[in-house]
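The structure appears right after this line, and notes come after that.
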Amino acid sequence: MRIGIPGEIKPQEHRIALVPEGAAEFINRGHNVYMTSGAANGIGLTDEDYKAVGVEILSTLEEVYEVSDMIVGVKEPQPRELALIKPGQIHYRYLHLAPDYDQTVGLMEAGATGIAFETVEMQNRSLPLLAPMSEVAGRESVIFGANILAKHMGGKGILLGGVTGTARAKVVVVGAGIAGQAALKMAVGLESDVTILDVDIAKLKYLDDIYGNKIKTLYSNAGNLAATIKEADLVISTVLIPGAKCPHLITMDMIHSMEAGSVIVDISIDQGGSTPISKPTYHEAPTFLTDNGVVMYCCANMPGAMPKTSSYALANVTLKYGLAIADLGVEGAIKRFPELKPGVNVYEGKLVYKHVSTAFPDLKFDELDTVMYAGK
């Protein structure tokens, strides 16, 4: 199979989907790998690093798309890329289709197959290809949130851990999944006054056992959310329903109850955001103010700010599935790794992921097995 690494053209996105060691694995199995010149510069790797393992360097994004049977990317294809997708081409990358009608229709009209990293799901419901980026985003959320709380950044001017004789900042983490636990670890490490909310009592019990009286755990319901968010200096929202549009658990009433200069970091923005006013921002202008002076941080590619760590963390978990797709095709890879099946959102132009269909009821939904095995 011909594997393409076009590089990322989303603003301020410096990650790369395949590092040289991974590219060598494809090549050693008889596949050809093509990459756009300079695609890995953002993590300090050169074209020569890839040439050394047998990657063919092409001059333009268009050339990589034209030659490739499978595109291995990080972020969803941008509008410029949607026009380059070929019928039957496999896209193995983050897609986040539920809040993105144009991309969904673009993949369908192109007759492509879209395998979304974020919906590959193990039998225990864990998300192995989302987990490392959730961990990066969770850790970053506290670092970025602490910075935004500085007065010159629009915040209220409070230090997370305070100092002797002063109050510590109140940090509220909504959701105790991978991102939430990563944020919790950082917030505790910076000696904040931390509360974490979730509907999973088992997770809360585990965290209570680990952190003891360093944290407060609360069952997540509207009343507890409203009470804690009202008092919060920094809110980190990590709400996630795999593959679905994010519910607006943080309401406008909750936001209006917060003091001016408080900060909300919405990690859930890739799936549409967890507040009614969340909108994607970029690293060069990552925040905006609400009408009552709360600072919203909604970068839709948070791990892109730390691309070297993020690229290697992502490559560690995506490689084995990418190799299986290249070696065996989509159907064969699913037979070998059943957790890939929910990762298939679009198959040869057919929408086959229910949560995306729910978000866009005007688009026809097909069962994956029906279209995959049609005529066989």
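Quick check: net charge around Gly38, other residues with Cβ under 12 Å of its Cβ, Lys/Arg +1 and Asp/Glu -1?
Cβ neighbours under 12 Å give a net charge of -4.
Which far-off residues, 5 or more places away or on another chain, put their amide H under 5 Å from the one on Ile158, with H placed in the peptide plane?
Residues meeting the amide H criterion: none.
What does the accessible area per residue of the chain come to in Å², with a 1.4 Å probe and no ligands, DNA or RNA counted?
I get 41 Å² per residue for this part.
So what is the relative contact order for the chain, in percent, with contacts set as C-alpha pairs under 8 Å and at least six apart?
Values: 815 pairs, mean separation 67.4, N = 376.
Computed value for the chain: 18 percent relative contact order.
Explain nothing, just compute: Karplus ³J(HN,Hα) = 6.51 cos²θ - 1.76 cosθ + 1.60, θ = phi - 60°, for every residue of region 330-337 in order, whole Hz, x for Gly and Pro.
3J(HN,Hα) across region 330-337, in whole Hz: 5, 4, x, 5, 5, 4, 6, 10.
Determine the relative contact order of region 1-152: mean sequence separation of Cα pairs under 8 Å and six or more apart, normalised by residue count, in whole percent.
RCO, region 1-152: 19 percent.
Give me the percent of the accessible area of region 233-376 that comes from carbon and sulfur atoms, probe 1.4 Å, all protein chains in place. Let's see the in-between values first.
Values: 3290 of 5850 Å².
Of the solvent-accessible surface of region 233-376, carbon and sulfur hold 56 percent.
Too long at a 19 Å Cα-Cα cut-off: which of Lys51/Lys75; Lys10/Lys75; Lys203/Lys320; Lys75/Lys350?
Lys51/Lys75; Lys203/Lys320; Lys75/Lys350
Could you rank the peptides 125-136, 337-348 by their average count of other C-beta atoms within 10 Å per residue, with the highest value first?
Working: 125-136: 19.8, 337-348: 21.8.
With the highest mean Cβ count within 10 Å placed first, the list reads 337-348, 125-136.
In the set (1) -0.28, -0.47, -0.57; (2) -0.34, -0.54, -0.64; (3) -0.24, -0.42, -0.53, which value of log10 I(q)/I(0) by the Debye sum over Cα atoms at q = 0.06, 0.08, 0.09 Å⁻¹ was calculated from the structure you see?
Here the calculated entry is (3).
Could you tell me the distance between the Cα centroids of region 206-269 and region 316-332, to the nearest Å?
Answer, in whole Å: 37.
With every protein chain left in place, what is the accessible area of Tyr206 in Å² (1.4 Å probe, nearest 10)?
That residue has around 120 Å² of solvent-accessible surface.
Could you rank the peptides 285-292, 241-248 by their average count of other C-beta atoms within 10 Å per residue, with the highest value first? Mind showing how you got there, number by number?
On the way: 285-292: 14.2, 241-248: 18.1.
Result, highest mean Cβ count within 10 Å first: 241-248, 285-292.
Grab the DSSP H runs of the chain that are 4 residues or longer, score each as -39,500 (n - 2.57), total them, divide by all residues and round the 222 nm result to the nearest 500 deg cm²/dmol.
Helix-only estimate at 222 nm: -10500 deg cm²/dmol.
Gap in Å between the Cα centre of region 1-59 and the Cα centre of region 103-134?
Going from one Cα centre to the other spans 21 Å.
Taking the DSSP beta bridges in the chain as the whole, what percent of them are antiparallel, to the nearest 5?
Counting DSSP beta bridges with both partners in the chain, the antiparallel share is about 15 percent.
Can you give me the long-range amide H partners of Val346? Hydrogens built in the peptide plane at 1.01 Å from N, cutoff under 5 Å, separation of 5 or more residues or another chain.
Placed amide hydrogens put Gly114, Val352 under 5 Å from Val346.
The values are calculated or read from the model by the stated rules, or taken from the named source; none is laboratory data. Small disclaimer: the values here were computed from a predicted structure and weren't measured. Heads up, the Cβs are rebuilt from the backbone with ideal geometry, glycines too, and the neighbour counts pull from every protein chain shown. Areas reflect the complete protein model, heavy atoms only, side chains present, ligands, DNA and RNA absent. Shrake-Rupley method; radii C 1.70, N 1.55, O 1.52, S 1.80 Å.
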